[in-house]
Amino acid sequence: MAKFVVGRANDIPPGTKCQATVDGRAIAIFNVDGRFYALRDVCPHRGARLSEGTVVGSLTACAAGAYDYDEARMFVKCPWHGWEFELETGQSWCEPARERVRPYRVTVESGQELIEAPADSPARVPGPYVAETLSVSVEDDYVVIES
Ligand code: FES
């Protein structure tokens, strides 16, 4: 699974969303109270960009006049016809048996974590020479999508 850095975490503050291109695909990224979600940015109904949709919580009614609003279960409402997709799973709740938007795993990693070398590959053997190295540090946190 490849990782793609899509931007600085501070550039997508809580309550905002954006679009990024990852591996040739448009991805909608949402920051809901500091938690990041990512979905393919194409509505399966008619192709609207979900990154232009509205993020809403789950609203259910167990009886007339009695509503339950669940802020922990978040959805994006498509800007064209209002289909709703759960941010965590990409599941549609208009046509739950048929439609789903691909969700992507999102993490926030420090710049230092991103520049650290991966574990040595067993296919590599150290050569006889060593180049001079300099210490490098990277500040800030970055949003990373796995695809
Ligand atoms: S294009 Fe998204 S609901 Fe129609």
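The values are calculated or read from the model by the stated rules, or taken from the named source; none is laboratory data. Just so it is clear, the structure is predicted and the values come from calculations on it, not from any experiment. For neighbour counting, all protein chains shown are included, and Cβ atoms are generated from backbone atoms with ideal geometry for every residue, glycine included.
Filter the stretch 65-85 down to the residues that are more than 21 Å from the chain's Cα centre (by Cα) and aromatic (F, W, Y) and list them by number.
Y67, Y69, W80
From the list G47, G53, G82, exactly one residue is surrounded by 15 or more Cβ atoms within 10 Å (Cβ to Cβ), within 16 Å of the ligand (Cβ to nearest atom) and of a type in the set (G, A, S). Which is it?
That would be G53, the only listed residue that is surrounded by 15 or more Cβ atoms within 10 Å (Cβ to Cβ), within 16 Å of the ligand (Cβ to nearest atom) and of a type in the set (G, A, S).
Report whether or not G34 is away from the ligand (no atom under 16 Å from the Cβ), exposed (fewer than 13 other Cβ atoms within 10 Å of the Cβ) and within 13 Å of V106 (Cα to Cα).
Taking the combined requirement at face value, the residue satisfies it.
Which is among the small types (G, A, S), at pLDDT 95 or above, under 18 Å from the mean Cα position of the chain (by Cα) and under 30 Å from E139 (Cβ atoms), of A38, A48?
A38
Quick one: A61 ticks every box in (1) farther than 20 Å from G82 by Cα; (2) surrounded by fewer than 14 Cβ atoms within 10 Å (Cβ to Cβ) bar one, so which box is it?
Answer for A61: the failing condition is (1).
In this structure, does L59 turn out to be within 16 Å of the ligand (Cβ to nearest atom) and part of a strand (DSSP E or B)?
When the stated conditions are applied, L59 does not pass them.
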